[in-house]
Amino acid sequence: MSDKANSCKVVLLGESGVGKTCIISRYVNNTYDEKSETTNGASYASKVIDLEQYKQSLRFDIWDTAGQEKYRSLTKFFYKDAAIAILVYDITRRDSFEEVRKYWYEQLKTCGEKNIVIGLAGNKCDMFDKEAVTEEEARSFANEIGAQFQLTSAFKNLGIEDLFRMVGCKYLDPNFQDKINDETKEEKKNITLENNTSQKKKKDKKWC
């Protein structure tokens with residue numbers, strides 16, 4: 001196990017009331033506050049996780065973003081440099097899942113990093129009797145966008161450790177990192193070619 005933990009920025013995205021704050025509180029402090037206040041803007045927490053299969057420790061710098069519409073323009077700033085994004089919906093609220101699909105994921109594609117690791121959390125899974133979004137539908141969407149899917153319950157402390165471990169493993173996966181490195185090299189190559197072409201055109205124009 002590495003003595004020094006690598007730092008990794010994580011953002012949680014989703015509608016207000018889906019349980020983002022409670023998920024973080026349960027994960028970081030193993031506490032649950034049913035009356036937790038609505039997040040205004042964003043809040044921060046951190047936790048170090050040991051991923052034995054990679055013989056590495058990973059420090060999650062976790063940002064809890066506000067889901068209210070009035071804060072959406074502010075939330076975009078927290079996508080910058082985020083290596084992992086976790087999309088959260090409430091399994092008892094169909095609208096929260098639709099907003100993840102139609103708004104939050106689309107914003108992530110537009111404003112987030114190109115190779116960001118995505119997690120999809122169906123929270124409040126202890127309330128299956130009020131389920132409005134099936135696990136099959138959520139898994140299908142996760143597969144479509146290449147996300148790590150996990151049902152969670154901050155109240156019952158279900159699936160949360162697994163959720164962060166899954167996205168952490170994906171982030172440290174050598175195959176995933178090799179893909180990022182290859183794409184970065186290709187982008188640099190294309191930029192170099194474009195610069196060389198641009199310089200050649202300028203020289204040609206000079207001697208016309």
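Structure summary
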| item | result |
| --- | --- |
| Sequence ranges 130-136, 118-124, ranked by mean other-Cβ count within 10 angstrom, highest first | 118-124, 130-136 |
| Accessible carbon and sulfur surface of region 82-178 relative to its total accessible area, %, 1.4 Å | 45 percent |
| Table column - 3J(HN,Hα) (Hz), region 13-28, Karplus curve with 6.51, -1.76, 1.60, x for Gly and Pro | 10, x, 5, 5, x, 7, x, 4, 4, 5, 4, 5, 4, 5, 5, 7 |
| In Hz, Karplus ³J(HN,Hα) per residue of region 79-90 (6.51, -1.76, 1.60; θ = phi - 60°; x = Gly, Pro) | 6, 4, 6, 6, 8, 9, 10, 10, 8, 10, 10, 9 |
| For Leu151, residues with placed amide H under 5 Å, excluding near neighbours | Gly122 |
| Contour minus Cα-Cα distance for Lys114 and Lys102 (0.36 nm per residue) | 2.5 nm |
| HN-Hα J in Hz across region 103-109 - Karplus 6.51, -1.76, 1.60, θ = phi - 60°, x for Gly and Pro | 10, 4, 5, 5, 5, 5, 5 |
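The values are calculated or read from the model by the stated rules, or taken from the named source; none is laboratory data. All figures in this text were calculated on a predicted structure; none of them were measured in a lab. All Cβ positions, even for glycine, are placed from backbone atoms using ideal geometry, and neighbour counts span all protein chains on display. Remember, those area values only see protein heavy atoms, side chains included, never the ligands or the DNA or RNA. Shrake-Rupley method; radii C 1.70, N 1.55, O 1.52, S 1.80 Å.
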